[in-house]
Amino acid sequence: MSIKRFLLVVFIILISLALFLNIKYLNGLKEQQQRQPIKDYNIIEIWCHNSSKMSSSMTIGFRGKKYFVSVSSKVCLDIEKGITKPKLYYDKEEDIVFYAGQYLPFPYVYLTYIAAFILPLMGYIVYRKELDKHYSTM
């Protein structure tokens, strides 16, 4: 496989992944807009971390099942103190419960689009420089 073809395959795979994640993100937004937040759940456990390296999360009970829900650290402290009650949504098709805006965080989609364009472009630039360097010695 030539280098150009390899870079094209990498671009196609990454842009397909980015489109898939974008559709998943938009489905999460649609779920939030179409449905009311669930109310009949109970918080079983909650883990709040102040560090940016650790994610805050909670385990909830909903309709006889346990679900793991990721939340932001700022909101988690308010939930733990009892100041706010989280808005949680349930997706029947995926059978998941998610916090408002956390179905698929947008930075994942954004970073995949960046990688889809930057990595093949950088590879092509390096390929062209190497080709020019070796071309003169042939």
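The values are calculated or read from the model by the stated rules, or taken from the named source; none is laboratory data. Predicted model only: the values in this text are computed from it and were never measured. Don't worry about glycine lacking a Cβ; one is built from the backbone with ideal geometry, like all the others, and counts go over all protein chains shown. Each accessible area value is taken on the protein alone, full model and side chains, heavy atoms only, with ligands, DNA and RNA left out. Shrake-Rupley method; radii C 1.70, N 1.55, O 1.52, S 1.80 Å.
Computed values, structure above
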item	result
When residues of the range 74-88 are limited to those that are in a loop (DSSP other than H, G, I, E, B) and of a type outside the set (A, V, I, L, M, F, W, C), the one farthest from Tyr99 (Cα to Cα)	Gly82
Breaking point among (1) of a type outside the set (Asp, Glu); (2) open to solvent by less than 30 Å² (accessible area, probe 1.4 Å); (3) over 15 Å from the mean Cα position of the chain (by Cα), for Ile83	(2)
Lone qualifier among Arg35, Arg5 - being over 16 Å from the mean Cα position of the chain (by Cα), within 13 Å of Gly123 (Cβ to Cβ) and surrounded by fewer than 13 Cβ atoms within 10 Å (Cβ to Cβ)	Arg5
The range 109-134 residues that are more than 15 Å from Ile13 (Cβ to Cβ), paired with ones that are part of a helix (DSSP H, G or I) and at pLDDT 80 or above (beta carbon under 6 Å, 6 or more apart)	Val109/Leu21; Val109/Asn22; Val109/Tyr25; Tyr124/Leu7
Test: residue in the range 36-47 that is touching a Cys at 6+ places or on another chain (Cβ under 6 Å) and either outside any strand (DSSP E or B) or modelled with pLDDT under 85 (or both)	no
Residues (open to solvent by 100 Å² or more (accessible area, probe 1.4 Å), of a type in the set (D, E, K, R) and within 30 Å of Lys66 (Cβ to Cβ)) located in the range 89-130	Lys92, Glu93
Matching residues in the range 48-59 - criterion: being out of contact with any Lys or Arg (no Cβ under 7 Å at 6 or more places or on another chain) and part of a strand (DSSP E or B)	Ser56, Ser57, Met58
Hey, Asn42 loosely packed, with under 12 Cβ neighbours inside 10 Å and touching a residue at least 12 places away in the same chain (Cβ under 8 Å) or not	yes
Condition met for Phe68 (assigned to a strand (DSSP E or B), open to solvent by 100 Å² or more (accessible area, probe 1.4 Å) and either closer than 29 Å to Leu19 by Cα or among the basic types (Lys, Arg) (or both))	yes
Condition check for Ser57: under 16 Å from the mean Cα position of the chain (by Cα) and over 25 Å from Tyr113 (Cβ atoms)	yes
Residue in the range 104-113 that is more than 14 Å from the chain's Cα centre (by Cα) and modelled with pLDDT of 75 or more present	no
